[in-house]
Amino acid sequence: MYDFESNGVKYWLDSSVSYLYQGRALDGIAKQAISPRVIIMLREPVSRMYSHWLMDYREGVTKLDFRNAVLMDYKKTDKGFGFNHMYVECSLYYEAVLNCYSYFGKDNVYVGFFEDFIKDGNIFMDNLLQWLEIDEKWNDKPLLVSNPAAVPKNILYSTLLHNFALRKFFKSILPPSTRHKIRAQFLKPAVKMNIDESDRHYFERWFSDDIEKLSGLISWDYSRWVGK
């Protein structure tokens, strides 16, 4: 184990969008990390789900339109990463946040919101640094887009990106920095696409109960997520 303080390091950081939904990962963090503090970033659930589908659609992982892709995926009996896309499951936050509280304690879990980060990243980061007890201001440091919207450059690249076995193999042998460089060679910037409002209204009711329970759990006004 590292003696963090003697090495002049207060926190070591690791991140993944999947940790929130993997009990094995949370269990490993709770057992191995020294006084872990967990940062969760939540996004309005239908917008998150659309962004998730849009990434898959652009990369050729699915050819179905948004609504049908979500409905087909939700009907699958095998659930979890590697079995289904978890479009709906990853937009259900209450149980996931509650599970983090049970592992680490509510005081050690910071719940932030994507909308706040987009509105003013500096204020968001200042609040986060304060919670981390880091005596520093963000002071307009650059906030970089690390995963911009992109599409395959050609049919061959689309086919390779759609090969889950190949992607899993490269993930097992290559570090993230190398995988990102390879991915950048396969992709080009994507044209912006917006969610159809009929689809938004169709799926909003799927998350209303979960949002209300989340609001009670974290004492947060969820009105901005309703009728977005």
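Here are some notes:
- Lone qualifier among Asp27, Asp14 - being in a helix (DSSP H, G or I) and either within 19 Å of the chain's Cα centre (by Cα) or surrounded by fewer than 16 Cβ atoms within 10 Å (Cβ to Cβ) (or both): Asp27
- Note on segment 37-48: residues that are more than 10 Å from the chain's Cα centre (by Cα) and crowded, with 18+ Cβ neighbours inside 10 Å total 4.
- Taking the numbered list (1) surrounded by 12 or more Cβ atoms within 10 Å (Cβ to Cβ); (2) in contact with a strand residue (DSSP E or B) (Cβ under 7 Å, 6 or more places away or on another chain) in turn, Asp196 passes all entries but (2).
- If you go through segment 127-142 and keep only what is surrounded by 12 or more Cβ atoms within 10 Å (Cβ to Cβ), under 21 Å from the mean Cα position of the chain (by Cα) and more than 15 Å from Leu13 (Cβ to Cβ), you end up with just Asn127.
- Scanning segment 70-92 for residues that are over 20 Å from Asp199 (Cβ atoms) and either modelled with pLDDT of 95 or more or within 17 Å of the chain's Cα centre (by Cα) (or both) yields Gly80, Phe81, Gly82.
- Selection within segment 174-185 - farther than 15 Å from Asn154 by Cα and either open to solvent by less than 90 Å² (accessible area, probe 1.4 Å) or not in a helix (DSSP H, G or I) (or both): Leu174, Pro175, Pro176, Ser177, Thr178, Arg179
- Matching residues in segment 100-122 - criterion: being in a helix (DSSP H, G or I), over 15 Å from Pro36 (Cα atoms) and of a type outside the set (A, V, I, L, M): Phe114, Glu115, Asp116, Phe117, Lys119, Gly121, Asn122
- Residue list for segment 186-221, restricted to those being under 25 Å from Leu71 (Cβ atoms), free of Cβ contacts under 8 Å to residues at least 24 places away in the same chain and either in a helix (DSSP H, G or I) or in contact with an Asp or Glu (Cβ under 8 Å, 6 or more places away or on another chain) (or both): Glu197, Ser198, His201, Arg205, Ser208, Asp209, Glu212
- The condition (being touching an Asp or Glu at 6+ places or on another chain (Cβ under 9 Å), part of a helix (DSSP H, G or I) and at pLDDT 95 or above) is satisfied by just one residue among Arg48, Arg67: Arg67.
- Pairing residues of segment 31-54 that are farther than 16 Å from Phe124 by Cβ with residues that are open to solvent by 50 Å² or more (accessible area, probe 1.4 Å) and among the polar types (S, T, N, Q), at Cβ distances under 9 Å and at least 6 apart in sequence or on separate chains, gives Ser35/Asn108; Pro36/Asn108; Arg37/Asn108; Val38/Asn108; Tyr50/Asn194.
- Within segment 59-116, being open to solvent by less than 40 Å² (accessible area, probe 1.4 Å), among the aromatic types (Phe, Trp, Tyr) and within 30 Å of Lys153 (Cβ to Cβ) holds for Phe66, Tyr87.
- Looking across segment 49-58, the residues that are closer than 24 Å to Leu217 by Cβ and open to solvent by 30 Å² or more (accessible area, probe 1.4 Å) come down to Ser51, His52.
The values are calculated or read from the model by the stated rules, or taken from the named source; none is laboratory data. Everything numeric in this text was worked out from a predicted model, so none of it was measured. Cβ sites come from the backbone with ideal geometry, for glycine too, and all protein chains shown count toward neighbours. Keep in mind that these areas ignore ligands, DNA and RNA; they rest on the heavy atoms of the full protein, side chains included. Shrake-Rupley method; radii C 1.70, N 1.55, O 1.52, S 1.80 Å.
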